[in-house]
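In what follows, a single structure is set out as structure tokens and then discussed.
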Amino acid sequence: MWRDKTVSVIFPTYNEKDSIRAAVEDFFDSGLVDEIVVVNNNAAEGTDDEVAKTKARLVHEERQGYGHAIWRGLKEATGDLLIIAEPDGTFSGHDVIKMLAYSDDVPVVFGTRTSREFVWEGANMGFLLKTGNWATAKIMEFLFNTTILTDVGCSMRLFHREAYEKIAPQFTISGSAFGPQLMLLTILNKIPFVEIAVNYRKRVGVSSVTGNLFRAALLGIEMIAMILRYRVLSWLGVLPKKARRQAE
């Protein structure tokens, strides 16, 4: 609970069997989280058993993809304040209080992993990955004339329920590029936001995306293409159908 508002955390899980239990306990230990919704997105065998050892609520999403997992988690969550994070050991429950503190002033808070002081030894934030996320974020910041953006790939985010409900009908991306779409929809709907530094630690296990530089590069190209498409369509006054209906 935060200032009379309930707090939900959404954890999508695919390959986090060895870290999910510790992540759930870490976020609950903040003392501020009322509910954690774990979305099993065709996860590794044994993941459900690990979640069952915690107070988290488990739901299953048969459709593969990060976007589908987050859509389901946000839909299932009951909190007034909705925090999206990863249960792979990279994010810290300690940062929940940071996200919530900034939520007093803005309805959306994005995390960034580009502050050197908050990147732990062994974290998968090498030069190429950091520079790629920073450069893509700067393209978005420049083209849409937003407040500062430095990390388009950080998946720790907070949404007030009202902000989420405003953009939810516009969700179209089911895969890993859903994260940047969340940012773009926030911008296009003129929802105030801020970006803050969060801790980023060594991952437990190997990421199915950032663990492979070639796949990470392809995802970066997809993100940039989406940013450019949304900018051109918004200039023309022709937003994607779902987004246009909600933004009017």
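Side notes on the structure shown:
- For the chain, the antiparallel share of DSSP beta bridges with both residues in that region comes to about 30%.
- Crossing angle, helix 178-188 versus the chain [Cα axis fit, 0-90 degrees, rounded to tens]: 50
- Under 29 Å from LYS130, Cα to Cα: lysines that are on another chain or at least 8 residues apart: LYS17, LYS98, LYS138, LYS190, LYS202
- Highest-MSF residue in the chain out of ALA44, ALA23, ALA137 [GNM, Cα springs under 10 Å]: ALA44
- Principal-axis tilt of helix 66-76 within the chain, Cα atoms, nearest 10 degrees: 70
- Distance between modelled label sites at THR172 and ALA225, nm, 7 Å Cα→Cβ extension: 1.4
- For the range 134-223, the set of chymotrypsin sites (Phe, Trp or Tyr not before Pro) satisfying both a DSSP loop assignment and a count of at most 11 other C-beta atoms within 10 Å is empty.
- Folded to 0 to 90 degrees: helix 127-144 orientation relative to the chain principal axis, Cα: 40
- With N counted as the residues of the range 7-247, its alpha-carbon radius of gyration over 2.2 N^0.38 Å works out to 0.95.
- Listed residues ASP105, ASP151, ASP80, most fluctuating in the chain (Gaussian network, C-alpha, under 10 Å): ASP105
- Among LEU100, LEU149, LEU219: highest mean-square fluctuation, GNM of the chain, C-alpha pairs under 10 Å: LEU219
- Net length gained if the chain between ALA52 and VAL232 were fully extended (0.36 nm per residue, minus Cα distance): 60.1 nm
- Rounded to the nearest 0.05, the FRET efficiency derived from the C-beta distance between ASP105 and GLU62 at R0 = 41 Å is 0.60.
We did not get these values from a lab; they are worked out from the coordinates using the rules stated. Source: prediction; values computed, not measured. Positions of Cβ are backbone-derived with ideal geometry, glycine not excepted, and every protein chain shown enters the neighbour counts.
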